[in-house]
Amino acid sequence: MTKIIAFFMAIFTWLGAVFLPGRLTGEGVFGETDEKVQVAFDEGEFVMGEYDLVVAPDGNDSNPGTVEAPLKTLEKAKELLKTLSTDETVTVWFREGTYTISETVKFTSADKSNVLYRSYPEENVVFSGSKVITGWSETVINGVNAFVKDVEINSDEDYFRSLFKGDKSLPRSTYPKEGMFKVADPSESEAVPNAHDPFFFTHHVAFYAHKDNILDFANAGDVEVRVMHFWCDEHLPVHSVDASTGRIETKKPTSMIVRVDDNFVFQNVKETLSLPGEWYLDRTEEKLYYIPEEGDTPENTVLHAGTNDKLFDFNGVKNVSFQGIDFVNTGWDYIGRDGGFWGSLFDIKHPLYENLEYEADHPQAAFEVPAAIYVAGSTGVDFTDCRFENISYTALKFDKGSKDCNVTSCEFKSIGANAIFIHGDFVIPATTQNINVTDCHISHYGRIFSNAIGILLTHAYNCNLTNNEVHDGWYTGISVGWNWGYAEHPTNKINISNNLIYNIGNGWLSDMGGIYTLGVQPETVISGNVIYNVGCDEGAYGYGGWGIYLDEGSSGMLVENNLVYDCSSETFHQHYGRDNIIRNNIFAFGGEGAFIITKHEDHNSLTATNNIFVTDNATMYAFDTERDWFVDDSNLYWDYDRGGKVLSGHTTKLFDRDSLAIVVARGYYNNAIFKDPLFKDAANRDFTLAENSPALEIGFKPFDYNAGTLTKFN
């Protein structure tokens, strides 16, 4: 993948959310609004089936599991279900309250099939991976009033990295408090080039900061240095810091090359603990420090420490569903204790590598981050009307051999990595099939691993990603495919339709798309999506904020009836691919242009017909328009700033641009019109077309859309 250096400064911002099914709104591109009433999940009435069980926080596992004498734990319910001989669907009813999942609950083929785990009607049921922290005392740290609590730490398993207050994830202390530091010297002599691609993937376990950026860290071994470069977010636990030279050595190698002026910050720094809501767990003192927020007292402050990072593991199960359950407050650890993506560096004969405790991990899409709920080799594992919040890893992953699974009307908020990850073996036909994500609200993902995706699908077949709302992530909204080039690809027949995707990137990373694809996928369709506010800024090297981004080898896809606007780069980008069809879309107000293809090959890259392209003093075709890159026919082009004068080329500057006549001479703008499309209010992003719009002359067909969720999430 073609990438350029990225930018970093991610500050944890979590907002609370409560799932409230209610009125739906379906708003059309052309100003039409339909209202209807629908609930995501009809709770119905409680009816106790013959084999059903009831679980309650105040129950007892010696009870029979009736309404009058409920069980206490999910684990006991699973045990009793194994004794049943019936093939009928059995419901396990959970009464209101919080159920602490202190160790991963494993479901296997030995467990009963056809089970529904659900909340009792009108009751709030929470599965939590955290423990309660109370009993604070007052103290002063770094000259600031703070609360302190003794915490027993007998091993690394007792050392937690996530702390929650209500529905908010609290930030660890950082240094610097604003902005970021720059790498002074990447220490290339101590780096190990990767045979795969030494240009991008050299591994560093030491680099030099500017000496005036170094503190005398009291607990350097618990400090994390976080480097953002290219499309990668490196979390590197520190081994040692030399304040006299600025040298930083880490316990984990980088997955990508470090360069002069790469951005980095320190996290989990005791010396900079100062802002309300910040916290620090001191391993040597065995004390937890917390800077109180307004209204906090030692008596009323109840926090939750994420002590369990993996809630459920499904392997070989059939027809197990969850409805109306909240999954919250899990922990995390650094990736790479059990081997890394690039192979072992532990065996390298160099004194520096004797201090490694972790391997290098995959640099893209938070690929190796584990999941709080993991499903592999299973059929019919469904989640309906569930909420995933303050999950520190990936929330939900369907892995190799999973089939016929559904995630419907669920909410994902404040997710550390990917909200949903659909994966499989690189074999044809794909082992992972028929995984559907519909009517889900995904927000504030990538809160810990910033290069994560809202919905990541790598190797899978015949999946629907439809009517979801995805927003406020540091990186791509929906990503489909995992093959760079034209090799036969197991991923195909993916329906990416009617999704609302916005506020992606926010200046933290580069090279991203609202929707991003890879590889040959001749039956994949991208349709009816609304995408806006995607991008980076000058601090992120001004690179790579695209609306729809067909990356390496993306081929045979249909892209139609999408509305894409306000992207920092182009609204549409194809790196390289062949025979894609781009038709009947509105591409508006790309910061650097409307449309770009970045690699010329000896075949037709795509055919673009019946589209509306509008800019505001930006290029229309943002590249050197050589002949035969692609076919265009019957599109409308308009530049609002230039009164309709259309320019192509790298920029609109005099020596960068190509005039209309030059581009026409090169075989483009076939049967085009250059007229104002007569949007109702383009300046305020109302793209309703007038009845006499000239876009109709080129065959553009006005479309209504149902982008976003069917359920209204609050």
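The values are calculated or read from the model by the stated rules, or taken from the named source; none is laboratory data. These figures come from a predicted structure and were not determined experimentally. Backbone-built Cβ (ideal geometry, glycine too); neighbour counts: all protein chains shown.
Screening GLY277, GLY331, GLY295 for residues that are within 29 Å of VAL381 (Cβ to Cβ) and either touching a residue at least 60 places away in the same chain (Cβ under 8 Å) or not in a strand (DSSP E or B) (or both) leaves exactly one candidate, GLY331.
Only residues that are more than 24 Å from PHE700 (Cα to Cα) and part of a loop (DSSP other than H, G, I, E, B) were counted in region 652-683, giving 7.
One line per residue, one yes/no per condition, for (1) in contact (Cβ under 8 Å) with a residue 40 or more places away in the chain; (2) buried (at least 18 other Cβ atoms within 10 Å of the Cβ); (3) of a type in the set (Ser, Thr, Tyr):
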position	(1), (2), (3)
GLU45	yes, no, no
SER85	no, no, yes
LYS106	yes, no, no
VAL126	yes, yes, no
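Residues in region 181-209 that are of a type in the set (Ser, Thr, Tyr) and surrounded by 13 or more Cβ atoms within 10 Å (Cβ to Cβ): SER187, THR202, TYR208.
Scanning region 382-409 for residues that are assigned to a strand (DSSP E or B), without any contact (Cβ under 8 Å) to a residue 60 or more places away in the chain and surrounded by fewer than 24 Cβ atoms within 10 Å (Cβ to Cβ) gives LYS397, LYS403, ASP404, ASN406.
Against the criterion of being of a type outside the set (Lys, Arg) and in contact with a Ser or Thr (Cβ under 6 Å, 6 or more places away or on another chain), TYR640 does not qualify. GLU122 meets all of the listed conditions (1) in a loop (DSSP other than H, G, I, E, B); (2) at pLDDT 95 or above but one, namely (2). Here PHE147 clears all of (1) in contact with a Ser or Thr (Cβ under 8 Å, 6 or more places away or on another chain); (2) farther than 30 Å from VAL302 by Cα; (3) aromatic (Phe, Trp, Tyr) except the condition numbered (2). One residue alone among GLY295, GLY306, GLY277 is under 29 Å from the mean Cα position of the chain (by Cα), surrounded by fewer than 21 Cβ atoms within 10 Å (Cβ to Cβ) and small (Gly, Ala, Ser), and that residue is GLY277. Scanning region 554-594 for residues that are within 24 Å of the chain's Cα centre (by Cα), among the aliphatic types (A, V, I, L, M) and within 26 Å of LEU509 (Cα to Cα) turns up VAL559, LEU563, VAL564. Taken together, the residues in region 410-425 that are crowded, with 24+ Cβ neighbours inside 10 Å and among the charged types (D, E, K, R) amount to 2. Within region 361-381, the residues that satisfy the criterion of being outside any loop (DSSP other than H, G, I, E, B) and either over 17 Å from the mean Cα position of the chain (by Cα) or over 21 Å from ASN406 (Cα atoms) (or both) are VAL375, ALA376, THR379, GLY380, VAL381. Exactly one residue out of VAL105, VAL115, VAL90 is of a type in the set (Val, Ile, Thr) and touching a Ser or Thr at 6+ places or on another chain (Cβ under 8 Å), and it is VAL115. For region 499-507, the count of residues that are β-branched (Val, Ile, Thr), modelled with pLDDT under 95 and assigned to a strand (DSSP E or B) is nonzero.
Checked against the criterion of being surrounded by 15 or more Cβ atoms within 10 Å (Cβ to Cβ), under 23 Å from THR307 (Cα atoms) and touching a residue at least 12 places away in the same chain (Cβ under 8 Å), the candidates LYS112, LYS76 yield just one match: LYS76. Residues of region 631-651 that are part of a loop (DSSP other than H, G, I, E, B) and either of a type outside the set (S, T, N, Q) or in contact with a Lys or Arg (Cβ under 8 Å, 6 or more places away or on another chain) (or both): TYR640, ASP641, ARG642, GLY643, GLY644, LYS645, VAL646, LEU647, HIS650, THR651.
Of all residues in region 586-607, those satisfying the criterion of being farther than 15 Å from ALA622 by Cα and hydrophobic (A, V, I, L, M, F, W, C) are ILE586, LEU606.
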